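First up is the structure itself, then whatever we jot down about it.
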Amino acid sequence: GNALLFFNYLFVMFVHELAHAFVARRLGYNIKNIKLIPFGICLNINSFNLLPKDEIKIALAGPLVNFFLALVTIALWWVFPATYNYTYIFCYANFVTATFNLIPAFPLDGGRVLLSLLKQKTSSKLAIKMCKIFNIILSVLLVLIFVLSVLSGYNIPLVAVQLLWINIVTD
């Protein structure tokens, strides 16, 4: 019963990774492949020495394309309101994919940006250590939110995303 949702997310994630690949290739990096993995889709670049400024550009390309596609879809609703029923899932998948990927936890895009920014200010070793500490703190916070969700009976992260989504679509 969720095939449409699944294929929308699969397509959105593929386009997200293509945006990363496009920017990486434009910056002169070789793309090894794009893999479908259990938790999504992953771009493999054939270079271990990405410049921090290039890593930021590559990491932000995916979420920016997702936000752009979501905005184009919302604009389409204003011009052709009847398309809403056919494009709502696509728009929502783009918004959720972009937002989720901007969480500053490695290996998500936001985590890559955070690591690259830290590498510009500190040594690579210290930047990695700081990101690991941040990931642990974020993980503890997410576990606490999960426990609060179970105890309260409300899916707190889903409620937060839904409220944000409603504000964006209705504004």
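The values are calculated or read from the model by the stated rules, or taken from the named source; none is laboratory data. Since we're looking at a predicted model, the values are computed, not measured. Glycine also receives a Cβ, built like all others from the backbone with ideal geometry; neighbour counts cover every protein chain displayed. Keep in mind that these areas ignore ligands, DNA and RNA; they rest on the heavy atoms of the full protein, side chains included. Shrake-Rupley method; radii C 1.70, N 1.55, O 1.52, S 1.80 Å.
Structure values in brief
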item: Positions within the stretch 49-100 being of a type in the set (A, V, I, L, M, F, W, C), open to solvent by 90 Å² or more (accessible area, probe 1.4 Å) and either in contact with a strand residue (DSSP E or B) (Cβ under 7 Å, 6 or more places away or on another chain) or part of a helix (DSSP H, G or I) (or both), in sequence order; result: L64, F68, L71, W78, V79, F100
item: Selected residue (only one of N44, N8 is polar (S, T, N, Q), over 24 Å from S124 (Cα atoms) and either within 18 Å of the chain's Cα centre (by Cα) or surrounded by 12 or more Cβ atoms within 10 Å (Cβ to Cβ) (or both)); result: N8
item: Test: residue in the stretch 126-145 that is of a type in the set (A, V, I, L, M), outside any helix (DSSP H, G or I) and under 25 Å from E17 (Cβ atoms); result: no
item: Breaking point among (1) in contact with a helix residue (DSSP H, G or I) (Cβ under 8 Å, 6 or more places away or on another chain); (2) surrounded by 13 or more Cβ atoms within 10 Å (Cβ to Cβ); (3) modelled with pLDDT of 85 or more; (4) not charged (D, E, K, R), for L126; result: (2)
item: Tally, over the stretch 11-41, of residues that are of a type outside the set (A, V, I, L, M, F, W, C) and either more than 16 Å from P107 (Cα to Cα) or open to solvent by 40 Å² or more (accessible area, probe 1.4 Å) (or both); result: 9
